[in-house]
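Accompanying notes for the structure given below.
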Amino acid sequence: MLDNLQEKNSGVVRTVLGLVPAQELGVVLIHESLLSVVPGAEYAPEIEMDRSKIFEELKRKLIEFRRVGGKTIVDRTGMFHGRDVKLYETLSKTTGVHIVASTGLGPEPMLSGYFVTPQKNPPTPWSAEMFADLFIKEVTEGIVVPRIERSGLAGLVTSMASQSGISEKETNLFRGSAQAALATGVPVSVQYGADAVNDLEILLGEGIEPNRVIIGGLDRLDAVRRKEAFAVARCGAMVALDHVGWTTSEGYVNDEERVQLIVELFKEGLGDQVLISTNAVGVAKGHAAKDLSYDYLLTRFVPMLKKAGVTDEQVRTLLQDNPQRVLTAKSLEAAEKESVVAAEQK
């Protein structure tokens, strides 16, 4: 599988079914979840984990997304939250929707015991480098299927900080995520904690280019109040307004305010750095999920954008050009050179 990654053409994206030319991704939802399982819920007697029912439900939702013009879903749940790459491979083959899977961990309260238990003597917590090595293998060798094998490649590295503020372990997760992204050529995508620019600087401190970084959650009420989307974009990173369909009662601006924020970002010349998505969950186990379908953004939100004066070209920028560009993987050779240079400069 590693040989297949030595591609000379940098215009490809790593999907669960292999390398796909970026321009074939079409309309992309950059921050979504297919199957989301609270760690341990799969063992609870009251939780039904019938894979055939899960498949049929996700199949129905993906076919509807494809029917209204969608083409690619990025599943950014990372490791151990229900990610099932074999299921995703079958779904992609069946529905024709490209699926980009992710590697990564976080936030700290959702880490399993193994990752918070010191694994060295003398006892020390997991380092950024240990996390990076874990994530790199899932990008270059394939995603771990427990006790069986490795399968489809991860196409991005993801992590999440606590909204109360990034912790020490989460800082190591962010640093390790950036190191893994830098070493493999895929982007890194995070949900920031309490200070988006601070968390971005942690990632950039590992030498990754800002245009390879996605900062999510920038349509949170506090983020919009502090104009964090503009600050992040001016640093050169990608701004993810990734809770389309969510409301103030859930801690996010409503869609009318979200539309205005997008209009203002375009007016400031920052439209090429904006990504939009819904953070919808296809199937949730062990927790309640917002009732939001993958087709909502195309059928409900895009008409709102156009009514506000956002042009067809700008909609294409948001849903196709920007996500295709950031998901495009650099060749391993180029990524390794950048990683070496970054290490020498630290």
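Values quoted throughout were computed directly from the atomic coordinates according to the rules given, and no laboratory measurement underlies them. These numbers were taken from a predicted model, which means no experiment stands behind them. Using ideal geometry, Cβ is built from the backbone for each residue, glycine included, and neighbour counts are taken over all protein chains shown.
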Based on the Cβ-Cβ distance from Asn254 to Ser127, what FRET efficiency comes out when R0 is 41 Å, to the nearest 0.05?
0.50
Zone of Asn211's modelled label, taken as backbone nitrogen in region 68-88 under 14 Å from a point 7 Å along Cα→Cβ:
none
Ordered by packing density, taken as the mean number of other Cβ atoms within 10 Å over each peptide's residues, highest first, how do 39-52, 178-191 rank?
178-191, 39-52
Kindly put Ser151, Ser127 in sequence by how many other C-beta atoms sit within 10 Å of each C-beta, fewest to most.
Ser127, Ser151
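What is the extension gain from Val38 to Val145, computed as 0.36 nm multiplied by their sequence separation minus the C-alpha to C-alpha distance, in nm to one decimal? Mind dumping the intermediate values first?
Numbers: separation 107, 0.36 × 107 = 38.52 nm, distance 1.76 nm.
Fully extending the segment from Val38 to Val145 adds 36.8 nm.
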Length-normalised contact order of the chain in % [C-alpha pairs under 8 Å, at least 6 apart]
22
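Once the Cβ-Cβ distance between Thr311 and Glu57 is put in as r, and R0 is 41 Å, what FRET efficiency do you end up with, to the nearest 0.05? Walk me through the numbers on the way to the answer.
Values: r = 36 Å, r/R0 = 0.87.
Working from the Cβ atoms, E equals 0.70.
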For the chain, what does the helix formula give at 222 nm: sum of -39500 (n - 2.57) over DSSP H segments with n ≥ 4, over the residue count, nearest 500 deg cm²/dmol?
-10500 deg cm²/dmol
